[in-house]
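Okay, structure first, notes after.
The values are calculated or read from the model by the stated rules, or taken from the named source; none is laboratory data. Here the structure is a predicted model, which is why all the values come from computation and not from measurement. Heads up, the Cβs are rebuilt from the backbone with ideal geometry, glycines too, and the neighbour counts pull from every protein chain shown. In case anyone asks, the SASA skips ligands and DNA or RNA and just uses the protein heavy atoms, side chains included. Shrake-Rupley method; radii C 1.70, N 1.55, O 1.52, S 1.80 Å.
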Amino acid sequence: MASRLRTVAVPAGDLDLDPAHRVAWQAALRRLDTVAAQVVPVDIGAFLAAAALLYGGPWVAQRWSAFGAYLSGAGVDPTVRSIVTPGRDVTGPAVFEAWERLAELRRQTERIWLDVDALLLPVTPTHPTLAEVAADPVGVNSRLGTYTNFVNLLDLCAVAVPADARTDGLPFGVQFIAPAFADAPLLDLAARWCGEPTRVDDRPPAGTTLVAVVGAHLTGMPLNRQLVALGGRLHARARTAAGYRLYRLPGSGVARPGLVFTGDGPDDGIAVEVWQLPHQAVGALLDSIPAPLGLGPLRLDDDTTVIGFLASEHGVRDAQDVSAAGGWRAALRADPA
């Protein structure tokens, strides 16, 4: 997981929110533009499907196993009893089928983390009244967990932060969600949201160098294993400064792009990943890079300069310009051939 979180995903479609929540959510989306370097819309259907498994799947059998023997005693909350008791009748096949379904959904959601660092969602879809909870405790609590129930099931981490209050004065909160073990950078992102000092030191540790990769060395791509083998660690997802163009290089084997500063590239730059490598690893990496690619100074959209993968201008004369895609992943999705 990157030590600096810059790219935040938001749901691509409408959410199940009550009217006052919806207004506050739109205000939160506008606020996110001041916190994140890039905001990316994504389909959260797989996350929501995983959340539904908590109440609709066999996990209640785990509760029955833990304390079902005590449910017949006096003083047990009747709602708890009604929720947990069906767990004694869950069959073995149902458990395995649910685990398979969860694994499928996890694979679908993992693709999202290749492009983004964190996901922003409301904490709850509504503020139920006590009367509504009393009338339908299971249904209301199930709906309250719409945007949180999947976090444990998918082995993610999350932090909830306050947002601007609803129009009726009631509070409204949002949450940042990321893969497991991203706790420190996620708290850093939450601090930025709250206007508090951040704790993550953005400088690479002594003895390491930041290297920007743009193509086959990206996370999940064919050559990423080279960075990992050299002791690399993802530092941040970022974008180049304006003026760079991305080309699809001709040739067989692993598909590769060439990044060139032409001065007339997209204003919002090209997507890159910045990796932290030991000093001695940079030389080994350079030895593995074929012409017309090489390493050189690359300027990012925050005006910092790092070593990055670049191509020579003459090396892209016969190459396809894919700058409009905004990054190598998007270019491959648009034209995988």
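Every test in (1) modelled with pLDDT under 90; (2) crowded, with 17+ Cβ neighbours inside 10 Å is passed by ASP302 save one, and that test is (2). Looking at GLY269, is it crowded, with 17+ Cβ neighbours inside 10 Å, touching a residue at least 12 places away in the same chain (Cβ under 8 Å), in contact with a Ser or Thr (Cβ under 9 Å, 6 or more places away or on another chain) and part of a loop (DSSP other than H, G, I, E, B)? Here the answer is yes, as GLY269 does meet what is asked. Within the stretch 150-173, the set of residues being farther than 17 Å from ALA184 by Cβ, in contact with a Leu (Cβ under 9 Å, 6 or more places away or on another chain) and small (Gly, Ala, Ser) is empty.
Looking only at the stretch 111-121, decide whether some residue is more than 30 Å from ASP267 (Cα to Cα), open to solvent by 60 Å² or more (accessible area, probe 1.4 Å) and free of Cβ contacts under 8 Å to residues at least 24 places away in the same chain. No: the stretch 111-121 contains no residue that is more than 30 Å from ASP267 (Cα to Cα), open to solvent by 60 Å² or more (accessible area, probe 1.4 Å) and free of Cβ contacts under 8 Å to residues at least 24 places away in the same chain.
Here ARG101 fits the description: at pLDDT 95 or above and assigned to a helix (DSSP H, G or I).
Residue pairs whose Cβ atoms lie under 6 Å apart, sitting 6 or more positions apart in sequence or on different chains, and linking a residue in the stretch 246-263 that is among the hydrophobic types (A, V, I, L, M, F, W, C) and assigned to a strand (DSSP E or B) to a partner that is modelled with pLDDT of 95 or more and open to solvent by 30 Å² or more (accessible area, probe 1.4 Å), are LEU259/LEU310; VAL260/ARG245. Considering the stretch 51-75, and only residues there that are in contact (Cβ under 8 Å) with a residue 60 or more places away in the chain and touching a Ser or Thr at 6+ places or on another chain (Cβ under 7 Å), the residue that is farthest from ALA190 (Cα to Cα) turns out to be TYR55.
Taking each residue of the stretch 159-183 that is within 20 Å of VAL116 (Cβ to Cβ) and looking for partners that are exposed (fewer than 13 other Cβ atoms within 10 Å of the Cβ) with beta-carbon atoms closer than 6 Å, six or more apart or interchain, yields VAL161/CYS194; ALA180/ASP155.
Residues are listed down the side, and each one gets a yes or a no for (1) hydroxyl-bearing (Ser, Thr, Tyr); (2) out of contact with any strand residue (DSSP E or B) (no Cβ under 6 Å at 6 or more places or on another chain); (3) surrounded by 15 or more Cβ atoms within 10 Å (Cβ to Cβ):
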{"position": "GLY231", "(1), (2), (3)": "no, no, no"}
{"position": "GLY251", "(1), (2), (3)": "no, yes, no"}
{"position": "ASP264", "(1), (2), (3)": "no, yes, no"}
{"position": "GLU273", "(1), (2), (3)": "no, no, yes"}
{"position": "GLN276", "(1), (2), (3)": "no, no, yes"}
{"position": "ILE307", "(1), (2), (3)": "no, no, yes"}
{"position": "ASP318", "(1), (2), (3)": "no, yes, no"}
